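The values are calculated or read from the model by the stated rules, or taken from the named source; none is laboratory data. Since this is a predicted model, take the numbers as computed values, not measurements. No Cβ is skipped: glycine too gets one built from the backbone with ideal geometry, and neighbour counts run over all protein chains shown. The area values use the complete protein model at the heavy-atom level, side chains included, leaving out ligands, DNA and RNA. Shrake-Rupley method; radii C 1.70, N 1.55, O 1.52, S 1.80 Å.
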Amino acid sequence: MVINVLYEGICYLEEISRTTRIVDIKMKFEEKFNVSWVKLDLTYNGVLLLDELTVQDCQIPLGVELELILKIRVGINTHHQLYSLSVPDYETVGYLKQLLHTLSGVDVENKRLYFSEDCKLDERA
């Protein structure tokens, strides 16, 4: 079967079998783009596909478009604890703050995040 994989605005056609695991699709793109498959997420209709599942397990029909998303690792130090988050590279600082609050209960209201070079980040960026 052929699937369409959207990555950074470009659609790539991939020939796969229904028994192909999601991790194997990600590994194909690791070779293509020289990006570790661990840093890639594959989604279908906005739902994250789990690595150990097959195309058939995920009930992915012929010819659909999957989205390949590059994740980045973000470290956030609150003076009390260091948090490490893995997020898609397009997410905003506002999203990072929301995620930090949701996952860890950290009070992020009226707080600024900084790059390691002490550069202020706008949460709408």
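Quick notes
- The C-beta contact set for region 1-29 (first residue closer than 15 Å to Tyr44 by Cβ, second residue assigned to a helix (DSSP H, G or I) and aliphatic (A, V, I, L, M), distance under 7 angstrom, 6+ apart or interchain) comprises Glu14/Ile25; Ile16/Ile25.
- Filtered residues of region 62-107 (kept if within 22 Å of Tyr44 (Cβ to Cβ), open to solvent by less than 60 Å² (accessible area, probe 1.4 Å) and more than 16 Å from the chain's Cα centre (by Cα)): Gly63, Val64
- Restricting attention to region 38-61 and to residues that are charged (D, E, K, R), in contact (Cβ under 8 Å) with a residue 24 or more places away in the chain and surrounded by 12 or more Cβ atoms within 10 Å (Cβ to Cβ), the residue that is farthest from Pro88 (Cα to Cα) turns out to be Asp51.
- Scanning region 2-14 for residues that are open to solvent by 50 Å² or more (accessible area, probe 1.4 Å) and closer than 16 Å to Pro88 by Cα returns Glu8, Gly9.
- Of all residues making up region 109-122, the number that are assigned to a loop (DSSP other than H, G, I, E, B) and either modelled with pLDDT of 80 or more or open to solvent by 100 Å² or more (accessible area, probe 1.4 Å) (or both): 7
- Residue count for region 15-35 satisfying the condition of being open to solvent by less than 50 Å² (accessible area, probe 1.4 Å) and at pLDDT 90 or above: 7.
- Asp57 being within 24 Å of Ile72 (Cβ to Cβ) and of a type in the set (Asp, Glu): no
- The strands (runs of 3 or more DSSP E) found wholly in region 30-103 and carrying at least 1 residues that are of a type outside the set (Asp, Glu) and touching a Gly at 6+ places or on another chain (Cβ under 6 Å) occupy 82-88.
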